[in-house]
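To keep things clear, I will list the structure first and then write my remarks on it.
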Amino acid sequence: MTSVKIRHHPQLVTMIGVAQHDNYFYIISEYCNGATLFDILHESQVPLPWRTRISIAKQIAKGMVFLHTN
């Protein structure tokens, strides 16, 4: 198994480790309180303002740039 060290970034959930049980691998990450992004985008009854949608997209892009440049 390969180990990767990634510095903390505010737009990324911290990965704590990986566990294996019965031939399944599980990613262990920090606890994030509240709904998932999927829930907010697809299952919420409250429409998101465009400003919030753009903010979410920018934060995702910043996290992706960090992952692909470090």
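Any residue at all in the stretch 58-66 that's in a loop (DSSP other than H, G, I, E, B) and without any contact (Cβ under 8 Å) to a residue 24 or more places away in the chain? No - not one qualifying residue is present in the stretch 58-66. Just to be sure, is GLN20 over 25 Å from HIS68 (Cβ atoms), assigned to a strand (DSSP E or B) and at pLDDT 85 or above? Here the answer is yes, as GLN20 does meet what is asked. The condition of being surrounded by 10 or more Cβ atoms within 10 Å (Cβ to Cβ), outside any loop (DSSP other than H, G, I, E, B) and not aromatic (Phe, Trp, Tyr) holds for only one of LEU41, LEU48, that being LEU41.
With respect to the conditions (1) loosely packed, with under 10 Cβ neighbours inside 10 Å; (2) in a helix (DSSP H, G or I), TYR31 lacks only one, and its number is (2). When the stretch 38-60 is examined, which residues are found to be closer than 21 Å to PRO10 by Cα and modelled with pLDDT under 90? Matches in the stretch 38-60: PHE38, ASP39, ILE40, LEU41.
The values are calculated or read from the model by the stated rules, or taken from the named source; none is laboratory data. Since this is a predicted model, take the numbers as computed values, not measurements. So basically every Cβ, Gly included, is an ideal-geometry build from the backbone, and we count neighbours across all protein chains shown.
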